[in-house]
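Following: one structure in structure tokens, then a few remarks.
The values are calculated or read from the model by the stated rules, or taken from the named source; none is laboratory data. Values in this document were obtained by computation on a predicted structure and should not be read as measured data. Reconstructed Cβ throughout: ideal geometry from the backbone, glycine too, with neighbour counts over all protein chains shown.
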């Protein structure tokens, strides 16, 4: 099993766009695929770096179980003002039910773990448990807790 924590604001994989490359108005036959979120690259790189340091195996062929817990930063409006600054309002929601979507957060992590060589392909993940939550307190930094277990 590998366990790691990646710090930073989790970024969803987002959608990809493909477009034909043109030269002089005529198509060249090349297609470029690009992501729609520029922050995704640095988030995925942070995951790759942490996974390469923590992983005790490379390019597994085994079935895998993955557990992901995304810790998201609370919006400023969830906190009081004045003497209550730093305290979460009682009316603040307990769970983050707005964007980013949990499935897109998972896709970014799974794709990064593929790039890190943890497994050959993320199709080997046969069980996936995922949650997104706000930090437990002010000292709980945003990021992602990742656990990968071999089921072979």
Segment 63-74: number of residues that are closer than 30 Å to residue 89 by Cβ and not in a strand (DSSP E or B): 2
Matching option when the condition is modelled with pLDDT of 90 or more, surrounded by 15 or more Cβ atoms within 10 Å (Cβ to Cβ) and under 16 Å from residue 135 (Cα atoms), among 100, 93: 100
Condition broken by residue 77, with the remaining ones in (1) exposed (fewer than 13 other Cβ atoms within 10 Å of the Cβ); (2) free of Cβ contacts under 8 Å to residues at least 24 places away in the same chain; (3) outside any helix (DSSP H, G or I) satisfied: (3)
Per-region count, segment 47-62, residues surrounded by 15 or more Cβ atoms within 10 Å (Cβ to Cβ) and assigned to a loop (DSSP other than H, G, I, E, B): 1
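For segment 1-46, please list each of the strands (runs of 3 or more DSSP E) lying entirely inside it that holds at least 1 residues being more than 19 Å from the chain's Cα centre (by Cα) and modelled with pLDDT under 95.
On the way: elements: 2-7, 16-23, 26-35.
Qualifying strands (runs of 3 or more DSSP E): 16-23, 26-35.
Condition first: in contact (Cβ under 8 Å) with a residue 24 or more places away in the chain and surrounded by fewer than 16 Cβ atoms within 10 Å (Cβ to Cβ). Now tell me which residues in segment 108-129 satisfy that. Talk me through it step by step, then tell me what you get.
Narrowing segment 108-129 to residues in contact (Cβ under 8 Å) with a residue 24 or more places away in the chain: 108-113, 115-120, 124-129.
Hits for segment 108-129 are 115, 117, 120, 126, 127, 128, 129.
Kindly indicate whether any position in segment 86-94 is part of a strand (DSSP E or B) and over 18 Å from the mean Cα position of the chain (by Cα).
Just the residues of segment 86-94 that are part of a strand (DSSP E or B), to begin with: 88.
Pick out the ones that are also over 18 Å from the mean Cα position of the chain (by Cα) and you get 88.
Checking segment 86-94: at least one residue is part of a strand (DSSP E or B) and over 18 Å from the mean Cα position of the chain (by Cα).
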Close pairs (8 angstrom Cβ cut-off, 6 or more residues apart or separate chains): touching a residue at least 60 places away in the same chain (Cβ under 8 Å) and on the phi < 0 side of the Ramachandran plot in segment 52-70, part of a loop (DSSP other than H, G, I, E, B) and crowded, with 16+ Cβ neighbours inside 10 Å anywhere: 52/116; 55/116; 55/118; 57/118; 58/118; 60/118; 70/10
Count - residues of segment 35-46 that are exposed (fewer than 13 other Cβ atoms within 10 Å of the Cβ) and touching a residue at least 40 places away in the same chain (Cβ under 8 Å): 0
